[in-house]
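Asks: My structure is below; once you've seen it, I'll send some questions.
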Amino acid sequence: MTQSTGGGRPRTRRVTLADVARRAGVDKAVVSRVVNDDPLLNIRPETRARVTAALKELDYRPNVAARSLRTARAGTIGLFIPDFANPVYAEIITGAETAAAERGCALMVGSSTAGGGGAQSYLDLLGQGRVDGLLLAGGTIADEEQATLADRGLPWLFVNRRGPEAGRHVILDDVLGARMAVDHLLDLGHRRIAHVGGPAGADTAHRRRDGYATALRRVGVEEDPRLVVQGSYGPEGGAQAARRLLDDPEPPTALFVANVTSAIGVLSALRARGITVPGEMSVIAVHDLPLAEHLIPPLTTVRMPLRALGARATRLLLSVPADHPVEEIVREPIELVVRQSTARPG
């Protein structure tokens, strides 16, 4: 909104809640609760629509600094990831940042590669009152670190991992994603299917292993322990696992890889051994990133809803009280993306 200065020049005046309330014909408190997405607000849909329209027409922007002083909130949430080098986390970050912005919050991201490799250094850096909540994506968190969160009363959620006890987490349906990948190989006619898994301590690795085993059982194929090799989520981990599988006297005809970055190493190891893909070995991986279609050959993947995961976790973090349980699975959309790395066995 504008008003005249003494010299006749217009100057901008911040649009207030009262301005929006007058435009919408409601009380200022109603506008405030709509802006803050109060889950307990019970108004008619047409009233909410009228308030939302007034907010948009007047281009209302919350006074973040004033609101922070009134509510003692930082207007920032934290996201802790294991490694910035893994492009999978970029998708989660994008979803979380978008959802945070919708709520008028900023996103602060840190990783375990800085400050000694643990979450505790990140928690110490945040200090008291620097964030309104914390998302913990991947990696591990020690008992003392979880106790620190509890002592501070800081809302937190595990993102795509579950803690040792039931509590607060939002995960993907990795079991279904793995089943879809292995089902694709089975439908092509493969029966000797190996699994390049993730780290032994990773919850995602356990769930993807479960999906692999479930898919085999559904068609009466017995899981062969020699065909399951665990490794780190990354090119080198994938390459090492692939080399071990290729050294078996009876190597597989197809590989299900638990992570798209691991698959980069798998393809490199196969190429070094002179094994053609998909002529002699089919390869499929969980997660689909832009780089997958530019690999040689373009990689068949199962696309998981990483951005939806980050967004949902952020919304729950900002809306569910810290002492309430959260156990949710983001199930859609999961999509098989068929490219040139899978074919019928030769």
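Asks: Please work out if Arg179 is more than 19 Å from the chain's Cα centre (by Cα), in a helix (DSSP H, G or I) and of a type in the set (Lys, Arg).
Replies: Yes: the conditions hold for Arg179.
Each row is one residue, and each column tells you yes or no for (1) buried (at least 20 other Cβ atoms within 10 Å of the Cβ); (2) without any contact (Cβ under 8 Å) to a residue 60 or more places away in the chain; (3) not assigned by TED's automatic domain parsing to the domain that holds Val159.
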site	(1), (2), (3)
Gly197	yes, no, yes
Arg208	yes, no, yes
Ala242	yes, yes, yes
Leu246	no, yes, yes
Val260	yes, no, yes
Ser268	no, yes, yes
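Asks: Has region 64-79 got any residue that is in contact with a strand residue (DSSP E or B) (Cβ under 7 Å, 6 or more places away or on another chain), in a loop (DSSP other than H, G, I, E, B) and either at pLDDT below 95 or within 16 Å of Arg315 (Cα to Cα) (or both)?
Replies: Within region 64-79, one or more residues are in contact with a strand residue (DSSP E or B) (Cβ under 7 Å, 6 or more places away or on another chain), in a loop (DSSP other than H, G, I, E, B) and either at pLDDT below 95 or within 16 Å of Arg315 (Cα to Cα) (or both).
Asks: Moving to a separate point now. What number of residues in region 311-346 are among the aliphatic types (A, V, I, L, M), under 30 Å from Val277 (Cβ atoms) and part of a strand (DSSP E or B)?
Replies: Taking region 311-346 and keeping what is among the aliphatic types (A, V, I, L, M), we get 311, 313, 316-318, 320, 322, 326, 329-330, 334, 336-338, 343.
Right, trim to under 30 Å from Val277 (Cβ atoms) and you get 334, 336-338, 343.
Checking the rest, the ones that are also part of a strand (DSSP E or B) come to 336-337.
The qualifying residues number 2.
Asks: Check off (1) modelled with pLDDT of 90 or more; (2) assigned to a loop (DSSP other than H, G, I, E, B) for Arg48 and give me the number that stays unchecked.
Replies: Looking at each condition in turn, Arg48 falls short on (2).
Asks: A further question on this structure: Which residue out of Gly274, Gly201 is assigned to a loop (DSSP other than H, G, I, E, B) and either hydroxyl-bearing (Ser, Thr, Tyr) or within 21 Å of Arg344 (Cα to Cα) (or both)?
Replies: None of the other options fit; the residue is Gly274.
Asks: I've got another one for you. Can you tell me which residue is surrounded by the most Cβ atoms within 10 Å (Cβ to Cβ) among those in region 229-238 that are assigned to a loop (DSSP other than H, G, I, E, B) and of a type outside the set (S, T, N, Q)? Break it down stepwise before answering.
Replies: Of the residues in region 229-238, the ones assigned to a loop (DSSP other than H, G, I, E, B) are 231-234.
Now restrict to residues that are of a type outside the set (S, T, N, Q): 231, 233-234.
Working: Gly231: 25, Tyr233: 23, Gly234: 19.
Filtering first and then ranking leaves Gly231.
Asks: So, in region 163-188, exactly how many residues are more than 21 Å from Leu318 (Cβ to Cβ) and of a type in the set (Lys, Arg)?
Replies: 1
Asks: Identify, by number, the condition in (1) part of a helix (DSSP H, G or I); (2) farther than 23 Å from Arg344 by Cβ; (3) touching a residue at least 24 places away in the same chain (Cβ under 8 Å) that Arg226 doesn't meet.
Replies: Status for Arg226: all satisfied but (3).
Asks: When residues of region 277-308 are filtered for being part of a loop (DSSP other than H, G, I, E, B) and either under 17 Å from the mean Cα position of the chain (by Cα) or crowded, with 18+ Cβ neighbours inside 10 Å (or both), how many remain?
Replies: 10
The values are calculated or read from the model by the stated rules, or taken from the named source; none is laboratory data. If you're wondering where the values come from, they're calculated on a predicted model, not measured in any experiment. As a convention, Cβ positions derive from the backbone with ideal geometry for all residues, glycine included, and neighbour counts pool all protein chains shown.
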